[in-house]
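Beneath this line is the structure, given in structure tokens, with notes to follow.
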Amino acid sequence: MARIAVIGAGMGAMAAAARLAVAGHQVAVYERGRTHGGGVGRFERDGFAFDTGPGLLHLPAVYRDLFVKTGKETLEQCVELTQVDPASRHLFADGTDVPLPNASRAGVVRALDDAFGAGAGERWSDLVNRAREAWDATRRPLLEEPLRADWRALGRDPYPAPARRGISGWLRRDGGRPATLADVARRELKDPRAAALLESHALAHSLDPRTAPAGAAVLPYLEQTFGTWYARGGMRALADALYGRCRARKVRFSFGAEVVGILEKDGRAAGVELADGSVAEAD
């Protein structure tokens with residue numbers, strides 16, 4: 001058993017803390033703010049509550065796996081999730097109204113054909129199918145496997161995408177520069193409204209489609225494949241459930257505890273230094 005210091009009480013930090021605690025370690029979380037959740041915050045006033053971060057969940061399997069691996073209660077036993085339908089509604093300046101169904105590729109194709117004309121849905125579907133290849137190439141090394149002890153593994157892609165025309169066409173544009181999501185939108189979707197719809201997925205994640213890589217097309221792929229979900233009580237309910245899971249696993253939290261430095265001993269991290277001058281030793 002090791003003493004583990006986790007810096008911050010955001011969603012990723014709490015997920016790491018819960019998994020480490022289940023593995024038998026003594027885990028302490030140091031958060032400079034007054035509460036847990038990081039960007040998944042809540043503002044309350046006059047009896048109303050508002051999420052101040054993301055409002056929807058697009059990849060619930062990540063949290064389902066986390067809750068299965070860290071306790072007896074499943075995610076759905078801790079948070080009520082419901083699918084949002086339609087998943088989104090897009091209104092354009094020319095009056096075009098495009099509601100997109102939840103987790104229905106065929107339904108999206110029909111909706112785009114109805115809104116933008118015949119062929120628009122097929123072009124969108126072709127793009128999303130190529131995004132699936134990018135997702136398959138990155139899913140395992142980025143999301144599903146522990147970081148290897150051999151750091152050289154980070155210098156290559158252990159699951160490279162097949163050298164197919166569709167993927168390679170996204171990687172370079174004229175001049176040999178990497179293609180951006182905006183490049184792909186203009187070249188492959190033709191209709192500027194369809195291009196704007198694709199770019200909206202990047203904007204929703206605070207990405208600029210003019211600089212975001214073409215691989216950001218995985219965002220609509222994920223949404224249309226795994227669905228759009230709402231946590232009853234807001235996304236803050238998910239943060240509260242994860243915090244509760246950490247407490248159940250005896251993770252210790254210190255709020256108002258800003259980490260300002262990492263202690264080092266014999267070339268290894270040996271703890272953290274806090275803003276009040278105190279030191280918390282860790283392995």
Self-check item: Filter pass, Val40 being closer than 30 Å to Leu203 by Cβ and touching a Pro at 6+ places or on another chain (Cβ under 8 Å)
Solution: yes
Quiz item: Residue check: is Gly244 touching a residue at least 24 places away in the same chain (Cβ under 8 Å), part of a loop (DSSP other than H, G, I, E, B), open to solvent by less than 80 Å² (accessible area, probe 1.4 Å) and closer than 25 Å to Gly71 by Cα?
Solution: no
Exercise. Could you run through the stretch 114-124 and say how many residues are farther than 13 Å from Leu197 by Cβ and either outside the structural domain of Ala196 (by the TED database) or assigned to a helix (DSSP H, G or I) (or both)?
Key: 2
Quiz item: Asp136: part of a helix (DSSP H, G or I), charged (D, E, K, R) and modelled with pLDDT of 90 or more, yes or no?
Solution: no
Quiz item: Taking the condition closer than 30 Å to Pro86 by Cβ and at pLDDT 75 or above, does Gly166 pass?
Solution: no
Quiz item: Does the stretch 217-239 contain at least one residue that is open to solvent by less than 10 Å² (accessible area, probe 1.4 Å), over 21 Å from Gln83 (Cβ atoms), aliphatic (A, V, I, L, M) and touching a helix residue (DSSP H, G or I) at 6+ places or on another chain (Cβ under 7 Å)?
Solution: yes
Quiz item: Taking into account only those residues within the stretch 1-35 that are among the basic types (Lys, Arg) and either outside the structural domain of Glu258 (by the TED database) or in contact (Cβ under 8 Å) with a residue 60 or more places away in the chain (or both), which is nearest to Lys72 (Cα to Cα)?
Solution: Arg3
Self-check item: From Val272, Val259, Val279, residue being surrounded by 21 or more Cβ atoms within 10 Å (Cβ to Cβ), modelled with pLDDT of 95 or more and more than 28 Å from Glu76 (Cα to Cα)
Solution: Val272
Quiz item: List, please: which pairs have Cβ atoms under 7 Å, are six or more places apart or on different chains, and start with a residue in the stretch 184-199 that is without any contact (Cβ under 8 Å) to a residue 60 or more places away in the chain and end with one that is in a helix (DSSP H, G or I) and of a type outside the set (A, V, I, L, M, F, W, C)?
Solution: Ala185/Glu199; Ala195/Arg186
Quiz item: Restricted to the stretch 81-113, and to residues that are surrounded by 12 or more Cβ atoms within 10 Å (Cβ to Cβ) and acidic (Asp, Glu), which residue is nearest to Glu199 (Cα to Cα)?
Solution: Asp113
Quiz item: Taking into account only those residues within the stretch 35-55 that are surrounded by 15 or more Cβ atoms within 10 Å (Cβ to Cβ) and part of a strand (DSSP E or B), which is nearest to the chain's Cα centre (by Cα)?
Solution: Gly37
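The values are calculated or read from the model by the stated rules, or taken from the named source; none is laboratory data. The structure displayed is predicted, hence computed values, not measured ones. Here Cβ is always computed from backbone atoms with ideal geometry, including for glycine, and neighbour counts include all displayed protein chains. All accessible areas refer to the heavy atoms of the entire protein, side chains included, with ligands and DNA or RNA removed. Shrake-Rupley method; radii C 1.70, N 1.55, O 1.52, S 1.80 Å.
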